[in-house]
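Asks: What follows is a structure written as structure tokens; I'll ask about it next.
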Amino acid sequence: MYADEQGLAWVRELVDRAVGCRSATAVKADVACTSPDSDLATAEIYGFLAEQWAFEHPGHHSGEREVVELRVHLACSLRTWRAIRKAVIKSLCPEGTAPHACRVPWFAG
């Protein structure tokens, strides 16, 4: 995601809400600036998120935003994990598929 501290806190709240209303436990949550599979910086992998934000907010300074990964490790069934993932994605972009600017540009792998 491409977020500042406020945006990251908002996303964490979305995740906590999605986890809290299901039979799951967040075991660990990390904010990472590098890929777990390599030494590549998240900015190198997901740089298009910063470009997306700049395109959607012309003339605005990006401030303290940076490209990071929020990694949440859950203890739950696969079915519950899928439900949580779906709920978080829906919360990140509630407008659906119509063109719009996301509050926090994101990518789900």
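Just so you know, all these numbers are worked out from the coordinates, no wet-lab data involved. Note that the structure is a prediction, hence the values are computed from the model and not measured. Note that each Cβ is placed from the backbone with ideal geometry, even for glycine, and that neighbours are counted across all protein chains shown.
Asks: Would it be correct to say that residue 42 is β-branched (Val, Ile, Thr), over 16 Å from the mean Cα position of the chain (by Cα) and either closer than 17 Å to residue 11 by Cβ or surrounded by 15 or more Cβ atoms within 10 Å (Cβ to Cβ) (or both)?
Replies: no
Asks: Determine if region 78-90 includes at least one residue that is of a type in the set (D, E, K, R) and not in a helix (DSSP H, G or I).
Replies: If we filter region 78-90 for residues that are of a type in the set (D, E, K, R), which is where we start, we get 79, 82, 85-86, 90.
After this cut, where a residue has to be not in a helix (DSSP H, G or I) as well, the list is none.
Checked against the condition, which is being of a type in the set (D, E, K, R) and not in a helix (DSSP H, G or I), region 78-90 yields no hits at all.
Asks: How about region 64-77: which of its residues are in contact with a helix residue (DSSP H, G or I) (Cβ under 6 Å, 6 or more places away or on another chain) and assigned to a loop (DSSP other than H, G, I, E, B)?
Replies: 68
Asks: Please enumerate the residues belonging to region 79-93 that are of a type in the set (D, E, K, R) and under 11 Å from the mean Cα position of the chain (by Cα).
Replies: 85
Asks: Ok, one more. Going by what's in this entry, would residue 36 be described as more than 12 Å from the chain's Cα centre (by Cα), farther than 18 Å from residue 8 by Cα and not in a helix (DSSP H, G or I)?
Replies: yes
Asks: To continue, here is another question. Would you mind stating whether residue 17 is in a loop (DSSP other than H, G, I, E, B) and within 14 Å of residue 91 (Cβ to Cβ)?
Replies: Considered against the rule, which asks whether it is in a loop (DSSP other than H, G, I, E, B) and within 14 Å of residue 91 (Cβ to Cβ), residue 17 comes out as no.
Asks: Enumerate the pairs (first residue in region 36-57 and on the phi < 0 side of the Ramachandran plot; second residue anywhere and surrounded by 13 or more Cβ atoms within 10 Å (Cβ to Cβ) and small (Gly, Ala, Ser)) with beta-carbon separation below 7 Å, excluding pairs fewer than 6 apart on the same chain, so at least 6 apart or on different chains.
Replies: Sorted first by the residue in region 36-57, then by its partner, the pairs are 42/35; 45/35.
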